[in-house]
1. Here are some residues: Val394, Val418. Which one is closer than 30 Å to Leu41 by Cβ and at pLDDT 95 or above?
2. Scan Pro358, Pro364 and give me the residue that is free of Cβ contacts under 8 Å to residues at least 24 places away in the same chain, within 26 Å of Gly506 (Cβ to Cβ) and not charged (D, E, K, R).
3. In segment 284-301, which residues are within 16 Å of the ligand (Cβ to nearest atom), at pLDDT 95 or above and either of a type in the set (Asp, Glu) or over 17 Å from Ala400 (Cβ atoms) (or both)?
4. Look through Ser494, Ser498 and report the one residue that is free of Cβ contacts under 8 Å to residues at least 60 places away in the same chain and in a loop (DSSP other than H, G, I, E, B).
5. Of the residues that sit in segment 237-247 and are at positive phi and among the hydrophobic types (A, V, I, L, M, F, W, C), which one is least open to solvent (accessible area, probe 1.4 Å)?
6. Taking segment 262-274 as the region of interest, how many residues are open to solvent by 10 Å² or more (accessible area, probe 1.4 Å) and not in a loop (DSSP other than H, G, I, E, B)?
7. So, in segment 199-236, how many residues would count as being open to solvent by less than 10 Å² (accessible area, probe 1.4 Å), within 25 Å of Gly160 (Cα to Cα) and free of Cβ contacts under 8 Å to residues at least 60 places away in the same chain?
8. Go through Ala437, Ala412 for me and flag whichever is more than 16 Å from the ligand (Cβ to nearest atom), on the phi < 0 side of the Ramachandran plot and in contact with a Leu (Cβ under 7 Å, 6 or more places away or on another chain).
Amino acid sequence: MLQRREFLRQSLLAGGAAFASRYTSLAQVPKFAGSRIEVLLEEPLATISPNIYGHFIEHLGGVIYDGLWVGEGSKIAHEHGLRKSVIEHLRSIQAPVIRYPGGCFADSYDWKDGIGPQDRRPRRTNFWIGSENDQSPPSHKYEPNAFGTNEFIRFCKLTGSQPYLAANLRSLPAEDFYRWVEYCNSPAGSTTMADLRIAAGFREPFGVKYWGVGNESWGCGGNFTAQEYAVEFRRFTTWVPGFGQPLSLIASGPNGDDRLWTRGFLEEIVRKGAGQLRRVYGLSLHHYASNLSRGRSTEWETSKGDAFNFEPVDWYELLREGDRIDGMIGAHWQVMEEFDRDHRVKLIVDEWGPWYKPGSEATPGNILEQIPTLRDAVFSAMTLDIFNRHPEKVAMANCAQLINCLNSLYLAHEDKFVVTPVGQVFELYAAHQGGQAVRTIFSAPPIDYDRDGKTARFWGLNGSSSIKGKTLLLTVVNPHVSAPHQGEIVIHPSRAKSATATVLTGTGGDLRSRNTFDTPHGVVSASQPIKMRDSGFVFDFPPASVSRISVELA
Ligand code: AHR
């Protein structure tokens with residue numbers, strides 16, 4: 001394993017930056033000083049939508065079968081066939097919303113296959129079969145449909161989350177979308193679809209509010225142009241009754257920074273009048289941080305980095321790739337304003353996270369599975385802070401994906417289960433949900449690092465703050481691989497009474513710290529009270545860390 005000592009040596013060679021090991025007394029080592037974080041309590045931004053802390057599950061690899069669904073007859077602790085440990089953890093982080101059934105899978109899925117008695121449900125070829133391998137179990141290749149709408153809704157109810165269903169626009173007619181809404185939302189006694197639901201044991205309507213109309217319609221969801229998709233969107237969403245539940249319809253939005261998609265879609269939507277915008281609750285945005293090739297490749301497969309085998313430069317490159325979403329949010333928002341001056345339509349970042357090349361699966365055969373490390377925890381915290389800083393723009397975000405896939409919060413296989421460092425970040429940040437975001441200014445020396453002989457730069461400290469009642473929550477990322485960062489935190493006006501910090505970081509000086517089935521505590525968090533000064537306090541942010549500072553206000 002590449003230990004922190006080696007990172008220290010490399011980062012010294014790279015940029016001559018100040019450095020320190022967190023295992024040396026902070027008083028004796030050089031550190032970044034002179035940083036300042038100013039929290040402006042009287043400059044509210046907007047309320048942070050709880051849905052920014054949302055999740056995503058897809059019929060893909062080990063997400064549903066083995067990850068979430070263990071089956072009614074399983075020896076593994078479960079509730080109605082659903083893995084109990086996942087339910088309990090999601091409850092504890094107040095999971096607000098879960099997106100299902102995909103992803104690309106959604107546009108190949110017939111929801112009618114997944115209702116009715118389980119033993120009579122058909123087996124179908126899974127969308128992802130072409131990516132599966134010899135080690136993948138049959139249920140990942142041939143969808144058994146044991147988990148469908150009813151099981152998903154039960155899962156949402158057990159976890160206290162809102163369902164967000166993605167409808168098939170590529171391979172089913174608009175009528176099927178309509179009927180799915182009818183199945184979920186029409187009251188008992190009203191329709192044949194309601195009778196079917198009741199026969200499955202669900203008398204009360206599911207009341208599904210969030211509906212995605214296709215997924216990645218520029219790619220796997222139909223390969224449409226933005227204009228073609230907009231026409232389809234209008235057709236699919238015309239006269240879809242909510243059955244007493246107002247629907248929030250989410251359009252398939254841009255891939256990363258593709259503003260042409262955003263403009264093309266909205267231009268076509270309003271061609272029939274600005275009133276057409278009323279049916280668009282949100283425009284989805286997907287961004288995966290995947291290209292770690294440092295400009296050597298733009299190919300999806302060859303540009304990816306490794307989940308474990310990385311150098312400091314890859315650490316910063318991943319963060320830089322992820323940080324781009326900040327600019328994307330602003331850029332799409334500006335385009336949206338051209339058509340929607342009042343910003344009725346919000347951004348829904350319903351897929352985000354790092355995406356590495358294969359090779360770090362916790363369970364061989366689980367495609368797209370990767371074991372998150374400390375780097376992914378720092379990445380995830382940084383991303384959630386970005387969303388918190390745009391509370392008026394981002395109405396929902398869904399980390400891709402919840403379990404056994406990409407930026408997972410949890411890994412599970414048979415009776416083994418572990419919370420990843422990403423899951424730990426969601427625990428740390430949960431209290432931001434529904435908080436009032438306030439403007440916070442971070443002034444910190446940037447980090448210079450070596451990028452193939454040239455100096456590249458990344459910010460020194462960043463984060464977000466929100467207030468709930470008399471509690472201020474400040475979350476801060478120190479992305480430096482080796483240097484602690486001393487920051488003076490000033491709260492305006494001066495109302496701080498007491499504060500406690502919880503810091504999440506790796507153990508043993510290893511940036512690749514991670515939680516596995518055998519060693520579940522590679523990334524750890526610890527809390528400590530902070531000594532207050534008049535209007536604030538000073539805090540040492542350890543290298544490669546995520547900190548949550550909770551301040552009681554007068
Ligand atoms: O999250 C994995 C896949 O990434 C999704 O199915 C798709 O929407 C995206 O391309």
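The values are calculated or read from the model by the stated rules, or taken from the named source; none is laboratory data. Computed from a predicted model, the values in this text were never measured in an experiment. For neighbour counting, all protein chains shown are included, and Cβ atoms are generated from backbone atoms with ideal geometry for every residue, glycine included. Just the protein is used for accessible areas: all its heavy atoms, side chains included, with ligands, DNA and RNA removed. Shrake-Rupley method; radii C 1.70, N 1.55, O 1.52, S 1.80 Å.
1. Details: Val418 fails: closer than 30 Å to Leu41 by Cβ.
From the options Val394, Val418, the qualifying one is Val394.
2. Working: Pro364 fails: free of Cβ contacts under 8 Å to residues at least 24 places away in the same chain.
On inspection, the qualifying residue turns out to be Pro358.
3. Within segment 284-301, Glu299 is the sole residue that qualifies.
4. On the way: Ser498 fails: in a loop (DSSP other than H, G, I, E, B).
When all the criteria are applied, what remains is Ser494.
5. Our first condition is that a residue be at positive phi; within segment 237-247, this holds for 239, 243-244.
Filter once more, so that each one left must be among the hydrophobic types (A, V, I, L, M, F, W, C): 239, 243.
Details: Trp239: 222, Phe243: 61 Å².
Once the filter is applied, the top-ranked residue is Phe243.
6. Initially, segment 262-274 is screened for residues open to solvent by 10 Å² or more (accessible area, probe 1.4 Å), giving 263, 267-268, 270-274.
Those left that are additionally not in a loop (DSSP other than H, G, I, E, B): 263, 267-268, 270-272, 274.
Result for segment 262-274: 7.
7. Adding up the residues that qualify gives 3.
8. On the way: Ala412 fails: in contact with a Leu (Cβ under 7 Å, 6 or more places away or on another chain).
Among Ala437, Ala412, only Ala437 is more than 16 Å from the ligand (Cβ to nearest atom), on the phi < 0 side of the Ramachandran plot and in contact with a Leu (Cβ under 7 Å, 6 or more places away or on another chain).
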